[in-house]
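Each reported figure results from applying straightforward, stated rules to the coordinates on display, with no laboratory input. All values reported here derive from a predicted model rather than from experimental measurement. A quick note on method: Cβ atoms are made from the backbone with ideal geometry, for glycine too, and the neighbour counts reach across all protein chains shown.
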Ligand SMILES: [Zn+2]
Ligand SMILES: [Zn+2]
């Protein structure tokens, strides 16, 4: 699957969404079976390797940070006019 550089959370794909350093990873905020839906709806962010998988607070290693990002993304979806019902239909659960 080709990854389009579209995110509802940022337009800046040069910078890590979490720390602002140079980004070289793409993180799909809702993974597994929901990865395709994340891709389609722009539920993804640019991250540096440290914030993505390597550091102690990387989203793939730190459940709190992962959850925070899941909430941020749903908040933005709803801020842009998406309904909670719609979000749950797409992602399968409510994080707020
Ligand atoms: Zn980072
Ligand atoms: Zn990831």
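Brief remarks on what is shown
- Residues that are within 11 Å of the chain's Cα centre (by Cα), surrounded by 15 or more Cβ atoms within 10 Å (Cβ to Cβ) and more than 12 Å from ligand 2 (Cβ to nearest atom) do occur in the stretch 40-52.
- Residues located in the stretch 14-49, provided they are within 16 Å of ligand 1 (Cβ to nearest atom), over 21 Å from residue 79 (Cα atoms) and assigned to a loop (DSSP other than H, G, I, E, B): 14, 16, 19, 20, 21, 23, 24, 48
- Matching entry among 35, 71 (being more than 12 Å from ligand 2 (Cβ to nearest atom), surrounded by fewer than 20 Cβ atoms within 10 Å (Cβ to Cβ), closer than 17 Å to residue 93 by Cβ and under 11 Å from the mean Cα position of the chain (by Cα)): 71
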